[in-house]
Amino acid sequence: IMPYISATIIIQLLSAVVPRLSKLMREEGGRAKIVQYGRVLTLLLCVGQGLFMTLSWARAENFFEGFSGGDLLMPYMRQHLWWFFIQTVVILTTGTMLLMWFGEQITERGIGNGVSLIIFSGIVAGLPGAVLRTFSSVQEGTMSFIALVIVAAIVLAFVLFVVFVEQGQRRITVNYARRQGGRNAYQNQTSFLPLKLNMAGVIPPIFASSILAFPATLAMWSGQGNSAVTNVLQKISNALSPGEPLHMIVFAAMIIGFAFFYTALVFNSHETAENLKKSGALIPGIRPGRSTADYIDGVLTRLTGAGALYLVLVCLLPELMRTYLGASFYFGGTSLLIVVVVVMDFIAQINAHLMSHQYESLLKKANLKGGSRTLGR
């Protein structure tokens, strides 16, 4: 499903940067065209990624080791390399497009975000095996019982911490001016402009991890030769591998940079200030217009700084746990954020459906009572 996610993120970024796509987003039916562009880009990414993966598999001499009949498959692949390429690319592309269709169907049926639920299922499905491997490490003596207790306490504490932060909001008070409606006067109304602490979500870690994986991918495709380029790529790949100090520093810097960049793309403080001004709303003590935009931008900058540090802490936690506590499974990071956000969104969707169902039942009862009274009269 990752090609579909990458295509969606690329289209979203281009929609904020390219004026033609930005205009199309605001037009009627434009969002459907943007979704269609995302599907086409997903197909292209699947074909390209499938070709590179097939090429790396064809170069690997021991790829079929451990497979039933692997000694027969390798000579067949060498003899019919072009047919192996076509079959593999078609299978990989079809699988991704099928998952994309499943995700869209789940979303249209109102169950929740389909793609997020698919990713959530994959993460949760791997948890039992990870827990069993951790207990096996304790039994084998590679991990102490005290370390296991510390890991369990950190896991529980960080789940609560992520839930707390993801629900955190900075509410800016907004007052609406008093209005005259004929003989009736409407008093001042007070509302709030909610700004999330982590407005960028899981996008910064995904971007950062994708860029950090690029040198390792180049090193794998360059082969095992002794050329100068291959040696340089191998050194860079080793230095940026998970657990290395350089990897942690670069990863943290990229997360912070992408958090500010993506937040600036998805939230326009000047547009928000103009909308407040048009609706007759103002922030107490702040003049409408540019002063309001500067105030909102300052608040958002401080929130984004705190949210970026929160993302760095959550994403670097698993590497520290594996390095210093010997934890054998990948806890935290993007996986933890996805699990928490998807569960919270799913609960919100269920509550919304229950509320709408109760509201419809009340309306039906009210209509039935009104009809019976009319008949009685």
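The values are calculated or read from the model by the stated rules, or taken from the named source; none is laboratory data. Predicted, not measured: the structure shown is a model, and the values here were computed from it. Quick reminder, even Gly has a Cβ in these numbers, built from the backbone with ideal geometry, and neighbours come from all protein chains shown. When the accessible area is computed, the model is the full protein with side chains, heavy atoms only, and any ligands, DNA or RNA have been set aside. Shrake-Rupley method; radii C 1.70, N 1.55, O 1.52, S 1.80 Å.
Inside the stretch 322-344, can you point out the residues that are open to solvent by 40 Å² or more (accessible area, probe 1.4 Å), touching a Ser or Thr at 6+ places or on another chain (Cβ under 7 Å) and at pLDDT 75 or above? Within the stretch 322-344, no residue meets the criteria. A count restricted to the stretch 150-176 and to residues that are in contact with a helix residue (DSSP H, G or I) (Cβ under 7 Å, 6 or more places away or on another chain) and either exposed (fewer than 12 other Cβ atoms within 10 Å of the Cβ) or in a strand (DSSP E or B) (or both) stands at 3.
Selection of the stretch 132-180 for residues being basic (K, R) and modelled with pLDDT of 80 or more yields R133, R170, R171. A Cβ distance below 7 Å, combined with a sequence gap of six or more or placement on separate chains, defines the contacts here; from the stretch 333-358, residues that are in contact (Cβ under 8 Å) with a residue 12 or more places away in the chain and closer than 14 Å to E166 by Cα reach residues that are among the charged types (D, E, K, R) and open to solvent by less than 50 Å² (accessible area, probe 1.4 Å) in the pairs V340/E166; V341/E166; M344/E166. Taking the condition assigned to a helix (DSSP H, G or I), out of contact with any Phe, Trp or Tyr (no Cβ under 9 Å at 6 or more places or on another chain) and open to solvent by less than 60 Å² (accessible area, probe 1.4 Å), does S137 pass? Yes, satisfied. Of all residues in the stretch 140-149, those satisfying the criterion of being open to solvent by 50 Å² or more (accessible area, probe 1.4 Å), part of a helix (DSSP H, G or I) and of a type outside the set (D, E) are F145, I146, V149. Any chance the stretch 155-167 includes a residue that's without any contact (Cβ under 8 Å) to a residue 60 or more places away in the chain and small (G, A, S)? The answer is yes; a qualifying residue exists. Being without any contact (Cβ under 8 Å) to a residue 24 or more places away in the chain and outside any helix (DSSP H, G or I) is a condition met by no residue of the stretch 290-308. Go through the residues of the stretch 190-204 one by one and say whether even a single one is at pLDDT 70 or above, open to solvent by 50 Å² or more (accessible area, probe 1.4 Å), assigned to a strand (DSSP E or B) and farther than 23 Å from L337 by Cα. Taking every residue of the stretch 190-204 in turn, at least one turns out to be at pLDDT 70 or above, open to solvent by 50 Å² or more (accessible area, probe 1.4 Å), assigned to a strand (DSSP E or B) and farther than 23 Å from L337 by Cα.
Filtering the stretch 17-38 to residues that are in contact with a Ser or Thr (Cβ under 7 Å, 6 or more places away or on another chain) and either hydrophobic (A, V, I, L, M, F, W, C) or farther than 26 Å from Q49 by Cβ (or both) leaves L21, S22, M25, I34. Counting residues in the stretch 113-131 that are assigned to a helix (DSSP H, G or I), open to solvent by less than 30 Å² (accessible area, probe 1.4 Å), modelled with pLDDT under 80 and of a type outside the set (S, T, Y) gives one or more.
Do we have G66 as at pLDDT below 85, within 30 Å of N351 (Cα to Cα) and not in a helix (DSSP H, G or I) here?
Against the criterion (at pLDDT below 85, within 30 Å of N351 (Cα to Cα) and not in a helix (DSSP H, G or I)), G66 does not qualify.
Residues satisfying the criterion are present in the stretch 225-248 (criterion: at pLDDT 80 or above and open to solvent by less than 70 Å² (accessible area, probe 1.4 Å)).
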